[in-house]
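Before any comments, here is the structure.
The values are calculated or read from the model by the stated rules, or taken from the named source; none is laboratory data. Fair warning: this is a prediction, and the values are worked out from it, not measured in the lab. Using ideal geometry, Cβ is built from the backbone for each residue, glycine included, and neighbour counts are taken over all protein chains shown.
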Amino acid sequence: MLKPFSYLFRGSLILRILVAIILALVCYYLIPTLSSKAAILGQLFITLLRSIAPFLVFILLIAAIIRADSGTNKIIRAIVIVYITATLISACISAAVTLFAPAIQINLTGVDGSSIQLAKEQSALEVVETQFLRMFENPVKALVDSNFMALLTWSVFFGIAFRFCKQNVKDILFEIADATGRVVGWIVQLVPIGVFGIFSDVLTNHGIGELARYGELILLLLVIYSIIALVFYPLVGFYFTRKNPYPTLFKCLVVSGVPAFFSRSSAANIPVNLKAADNFGIPRSVSAFIIPLGANISLTAAAATITVLSITLARTLGIEIHYLTALLACVVAALCAIGCSGVPGGSLLMIPIAASLFGVPPEISAQMIGIGFLIGVVQDSVETAVNSSGDIYFTKVVCDHYGVSDDPNFEND
């Protein structure tokens, strides 16, 4: 009896989202009554995301810190530093472009203006001071209240502490993190239903013209991804090699970026990058460690997504964004991008953390998560392509700098 419903959870997620969008448009024009009632599906999906996000952030960051391994080889250390620094700089580039670009106004439902009044009246120093105090709130209360700054702080403390525990304790935490990721995966499978409800609600309350705003948001993200991949990446390459960086960059975009675009998974693209590393002459003693690590910590485009959507949300609400707060949000976005690796739609689930720096309540920022899944039909594929191609590109240019490419005698000491 349930077999017809099983088709809702089969096949390409992107294809199912596209079908959901088409169905929402059909219902809007042909069955407007159904379209107006479908909003509850979107609200349910947003509620599920809002409920799981705090615990997801907490446990994934703890697991990421426990797993962190800086390596002993100077080349591996250099590549790791490049990965993390590039992620942070990408967030800063994204913030700068978003703040200087014309503000994009996204329609949100059920927003109480009084809940953001305090954020409008605070100065940059007051915002930072308030967030600093909130960082040390009771961790249990932080989970209940979705205080992401406190969760970020306590996850660092617990992550460092658990590094000194026995391996069996760490394994239990890894299992909990994996189980949490699995639950999120189940929720993500409901994305087409959620998108159908969210899009139906948008069409019913704001009309077809709202699509143009989503198009503007996608365009802004694509422009920023292009700047990161075609301007920032080459600058990093030239710094290390002092040669024209574009031939190597374009090769990385083709051999790594194109497969990642279609797989939409940096983890799934690891074998592709390992093969590319072999073709580039990068020693296996380096690539076997650094390529899988890069899929988890080299997430330049993910940091850009978190930054852009959180700033866009704050500007939609009319919150004044101070540069000091924006810089702090970039640091948080970079940390969140590293922590969200391996989770479907993980970068979107981290938006409430960065948005909380601007005084945006979690029940409002959860709506931006839903919008993120809506535009993810295009955005997520490009984001993954930029992330994954950056992994192999940074590895290649750093290895060239140290002269270990095509060196059969190199050993990872």
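In region 274-285, the residues that are closer than 16 Å to residue 259 by Cα form Cβ pairs under 8 Å with partners that are among the hydroxyl-bearing types (Ser, Thr, Tyr) and surrounded by 17 or more Cβ atoms within 10 Å (Cβ to Cβ), at six or more places apart or across chains, as follows: 274/287; 276/256; 277/287; 277/395. Here residue 358 passes the criteria (1) surrounded by 24 or more Cβ atoms within 10 Å (Cβ to Cβ); (2) modelled with pLDDT under 85; (3) in a helix (DSSP H, G or I); (4) more than 10 Å from the chain's Cα centre (by Cα) except the one numbered (3). In region 1-60, counting only helices (runs of 4 or more DSSP H) that sit wholly within it, the ones holding 1 or more residues that are modelled with pLDDT under 75 and of a type in the set (Gly, Ala, Ser) span 3-6. With respect to the conditions (1) in contact (Cβ under 8 Å) with a residue 40 or more places away in the chain; (2) more than 17 Å from the chain's Cα centre (by Cα), residue 212 lacks only one, and its number is (1). Since residue 287 meets every condition but one in (1) farther than 23 Å from residue 76 by Cα; (2) in contact with a Leu (Cβ under 9 Å, 6 or more places away or on another chain); (3) surrounded by 17 or more Cβ atoms within 10 Å (Cβ to Cβ), which condition does it not meet? Failing condition for residue 287: (1).
Residues checked against (1) modelled with pLDDT of 90 or more; (2) surrounded by fewer than 18 Cβ atoms within 10 Å (Cβ to Cβ); (3) of a type in the set (A, V, I, L, M, F, W, C):
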| position | (1), (2), (3) |
| --- | --- |
| 152 | no, no, yes |
| 168 | yes, yes, no |
| 174 | no, yes, yes |
| 179 | no, yes, yes |
| 201 | no, no, no |
| 206 | no, yes, no |
| 220 | yes, no, yes |
| 231 | yes, yes, yes |
| 235 | yes, yes, yes |
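On the stretch given as region 154-166, residues that are surrounded by 15 or more Cβ atoms within 10 Å (Cβ to Cβ) and either more than 22 Å from the chain's Cα centre (by Cα) or outside any helix (DSSP H, G or I) (or both) total 2. The set of residues from region 365-413 being modelled with pLDDT of 80 or more and not in a helix (DSSP H, G or I) comprises just one member, 403. Against the list (1) under 21 Å from the mean Cα position of the chain (by Cα); (2) in a loop (DSSP other than H, G, I, E, B), the condition residue 63 fails is (2).
Restricting region 267-286 to residues that are under 25 Å from residue 238 (Cα atoms) and assigned to a loop (DSSP other than H, G, I, E, B), the residue that is modelled with the lowest pLDDT is 283.
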